[in-house]
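Below: the structure, in structure tokens.
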Ligand code: NDP
């Protein structure tokens, strides 16, 4: 049977994805049609980016799966017109990119690199950082991305704790879960990394009460989603010095509006949602594998549990 695959993403993405997708689908031995425009009633799979124009899945009457190009699915999970299985992106390139971004920003805060990059201005001011093993780093979210970030930081010697919804057992990581577990993870977090998805349960995970649990002067690093943070509470904690620095990659409104206080705050680093990108080469292999699975009646990889929203 021929698998009809619709590519529904921003127009400029097609040029990046067409060749790697065809190569991966060919390598998987699939008989397929891949196009950016197909009669909806003929479509079996949609390779989907939530910022495409496609919002109404109703006309896709024989849809077998939506294969999301992004790790985050908050813009799709609530779509009542989608009844087919939804797979999210877990991809080698996405994971490695996140590990590199998180490791770089953790090391920046751990080593106090800013003082030397901005210059000591002739003052022989020696602030020797502790060893990584004496630095508490906590990661909220131990999924595809958080878990590898946690083990990578632990392999550099950091004292790493991780928090998730369900209990985990990960070598070398202190794991906690549930509300009490959150307090424990925050209480030791000199550096905190947020890698939770945006769901109703994770909104404002960092708020005035939870920020107050963190050590004085701690750093917050958010490559997860903007909704994880109560912005007003974070700005107040930064103003008072309670939180020493925030490195933020994601925001409630993106692009971050030019007049937002985050841009000008001396204790905030803004990066423009570049912590990690889905890479066409490696992600095409994940898409092709899921189409192959669909065609041979095997379970899809990386299915979203829409009740939990991730
Ligand atoms: P996963 O779904 O694999 O992992 C999510 C983790 O969060 C899991 O450990 C899960 O717990 C935990 N979690 C979910 N809900 C709760 C809750 N209510 N309380 C405690 N823990 C919870 O996601 P990924 O690791 O692949 O990605 C994480 C997020 O990173 C994405 O959703 C996306 O928003 C963001 N992202 C950002 C990018 C960027 O460039 N800035 C790029 C890619 C992703 P459990 O394990 O128990 O299920």
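The values are calculated or read from the model by the stated rules, or taken from the named source; none is laboratory data. No experiment lies behind these values; they were computed from the predicted model shown. Reconstructed Cβ throughout: ideal geometry from the backbone, glycine too, with neighbour counts over all protein chains shown.
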Strands (runs of 3 or more DSSP E) fully within segment 205-310 counting 2 or more residues that are away from the ligand (no atom under 16 Å from the Cβ): 218-222, 243-248
Whichever residue in segment 101-129 is out of contact with any helix residue (DSSP H, G or I) (no Cβ under 8 Å at 6 or more places or on another chain), without any contact (Cβ under 8 Å) to a residue 12 or more places away in the chain and part of a helix (DSSP H, G or I) and, among such residues, is nearest to the ligand (Cβ to nearest atom): 104
Identity of the residue in segment 265-278, surrounded by fewer than 18 Cβ atoms within 10 Å (Cβ to Cβ) and within 17 Å of residue 93 (Cα to Cα), that ends up modelled with the lowest pLDDT: 277
Candidates 165, 147 - the one that is crowded, with 16+ Cβ neighbours inside 10 Å, out of contact with any strand residue (DSSP E or B) (no Cβ under 7 Å at 6 or more places or on another chain) and under 22 Å from residue 226 (Cα atoms): 147
Of all residues making up segment 176-204, the number that are outside any strand (DSSP E or B) and either in contact with a helix residue (DSSP H, G or I) (Cβ under 9 Å, 6 or more places away or on another chain) or within 14 Å of the ligand (Cβ to nearest atom) (or both): 20
Meets criteria (more than 27 Å from residue 267 (Cβ to Cβ) and either away from the ligand (no atom under 16 Å from the Cβ) or surrounded by 13 or more Cβ atoms within 10 Å (Cβ to Cβ) (or both)) for residue 132: no
